[in-house]
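Read the structure below first, then the notes.
The values are calculated or read from the model by the stated rules, or taken from the named source; none is laboratory data. Model, not experiment: these values are computed from the prediction. In this analysis, Cβ positions are derived from the backbone assuming ideal geometry, glycine residues included, and neighbour counts consider all displayed protein chains.
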């Protein structure tokens, strides 16, 4: 186990707001998710605090009285860390740390910490470091608590401000360097995609809420061997594998990072090099944990993120996973009726996988053109390419030196075959 993966065993208090228009059930569900995130980061939860307010307060996010109550102790008095369910402003974080004498984190920092632990590839490490620095930059003054009075202005210019400016400049320079490196990553990804496109194979991207079972489904369909643990954000780096459908058509399937409610915008921006796989896919496979009591809210969170990525409107196949642990079969039947064309599967047991492969074929039919060709025997290389990238339905060798071929052809290959298309009278 890498040093960065070792459990920290911090004790934390989770803090959330029940705001106007948000039900306590939704707040509790969000805090339950925050508890899972905390566990993924190595923290144990000592207490959970929920305050009902119309809106967050500017100084402390929660009310001053509630903040002072937390500072005095209580059920979570042994806790060393406060974790808030929403992103805090730099001033709120600083005020809370000063008042409570505890480390203060928000949901964004927690997610960034988990990503930093899980990043394996160079690309993943670059992306998470960029997101961390973009989050850190406006909060640098919190790192200088021993110089809290040195905040700039008349009578306060001095070494504190100088050091702060030096740090700010270094962070900005590092951000610029990371952005340059990630532009190179995007160029390399574009070259890889172009290489895959030359095979004329359709590309499908697995998207969905974190822990919905995307990696397990990729493993079931392709034998990829991707890590698929029962925890949030178990997979960060994208993996692409080939699937051969029952009709022998080939499909490239890409696993992507999971989404989550309140996904930090800086994270979406930093992971654009990875998430381009979603934007450029021919088919999105939206994997949903059908056993989760809040699966509808999770679906909405995924759709919101897809909208931010400008990926809404793409052909999408809904796959309801974990049907083997759904307590009542009627629930699955209801979901399938509510979403025509969707499929229910269990990536763990393999249930429903044949139906999923069949649906892949149906969805990709529009991606292929059915053509009837009369190729000269001399065009054996072109016939071999049709076999490789298309779906050949019939081949007949004629005595007049022609090979009659009926096949489903990728649109990119059609212009090269136009000269040998049989007219309707012969077809």
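Structural remarks
- Residue check for residue 215: more than 22 Å from residue 30 (Cβ to Cβ) and modelled with pLDDT under 85: no
Residues are listed down the side, and each one gets a yes or a no for (1) at pLDDT below 90; (2) closer than 21 Å to residue 261 by Cα; (3) within 28 Å of the chain's Cα centre (by Cα):
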{"site": "62", "(1), (2), (3)": "no, yes, no"}
{"site": "73", "(1), (2), (3)": "yes, no, no"}
{"site": "83", "(1), (2), (3)": "no, yes, yes"}
{"site": "97", "(1), (2), (3)": "no, no, no"}
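- Residue satisfying all of: in the stretch 179-208; in contact with a strand residue (DSSP E or B) (Cβ under 6 Å, 6 or more places away or on another chain) and at pLDDT 90 or above; surrounded by the most Cβ atoms within 10 Å (Cβ to Cβ) among these: 207
- Of all residues in the stretch 386-411 being at pLDDT 85 or above and in contact with a helix residue (DSSP H, G or I) (Cβ under 7 Å, 6 or more places away or on another chain), the one that is nearest to residue 364 (Cα to Cα): 407
- The set of residues from the stretch 230-251 being farther than 13 Å from residue 219 by Cα and at pLDDT 85 or above comprises 244, 245, 246, 251.
- Scanning the stretch 93-107 for residues that are surrounded by fewer than 20 Cβ atoms within 10 Å (Cβ to Cβ) and within 19 Å of residue 41 (Cβ to Cβ) returns 97, 102, 103.
- Screening residue 296 on (1) within 24 Å of the chain's Cα centre (by Cα); (2) in contact (Cβ under 8 Å) with a residue 12 or more places away in the chain; (3) assigned to a helix (DSSP H, G or I) shows it passes everything except condition (2).
- Yes/no for residue 368 being at pLDDT below 85, surrounded by 15 or more Cβ atoms within 10 Å (Cβ to Cβ) and within 43 Å of the chain's Cα centre (by Cα): yes
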